[in-house]
Amino acid sequence: MAFGRSALGSAAASGGRALGSGGQRPLSDINVTPLVDVMLVLLVIFIITAPLMASSIKLDLPRTDAGQPSDTPRFVSLVVNAAGEVFLDEQRIAGDDELAAKLQAAAGRSRDTEVQLRADRSVPYGKVVELMGIANQAGLSRIGFVTEAPPPPAEGAAPR
């Protein structure tokens, strides 16, 4: 017998359990090596078959120019100087009606056109909001505010 006891008192005769104080203890450790081997084989199988599963359906997709992304983002520059004069793409605009017409034309070319709004710091907030409203009514809802970064603080100067 494997445990060195007689057949009457062996571990095999008692269902795998050692009897008495002289018997050996049952093996309670789990051998994980076969488990790791099986898991590695499964991992390799999934790594190899996953790309094949993704492209298993063959399609002949239609071609169109409608879904092509634009190469350059479109934007118009809207500037308000300290005197309250409005410029659209470096051209002075006489009134709100002319600005609305030009912004509607820009929106007609592309709905994704962004308005880059540059306003002097002395321009009243109401004027900036009015220009934003005109742009929004023209169909341009993407509005970006252009600012300047503050100069770096001088050495030894207290931070603001």
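Rule-based calculations on the coordinates, nothing more; no lab input. Since the structure is predicted, the reported quantities are computational estimates derived from the model, not experimental observations.
Descriptive notes on the structure:
- Table column - 3J(HN,Hα) (Hz), the stretch 138-143, Karplus curve with 6.51, -1.76, 1.60, x for Gly and Pro: 6, x, 9, 9, 8, 10
- If you sort the three axes of the alpha carbon gyration tensor as a ≥ b ≥ c, you get a/c of 1.5 or more for the stretch 105-160 and a/b above b/c, which makes it prolate.
- 5 angstrom amide H check on Ala119, placed H, neighbours 5+ away: Val80, Val146
- Amide proton proximity set for Glu114, modelled H, under 5 Å, gap of 5+: Arg74, Phe75, Val76
- Cα-based shape type of the stretch 75-145, given that a ≥ b ≥ c are square roots of the gyration tensor eigenvalues and the cut on a/c is 1.5: prolate
- 3J(HN,Hα) from dihedral phi, the stretch 110-124, Karplus parametrisation 6.51/-1.76/1.60, rounded to Hz, x for glycine, proline: 7, 6, 8, 5, 9, 9, 9, 9, 10, 10, 4, 5, 8, 6, x
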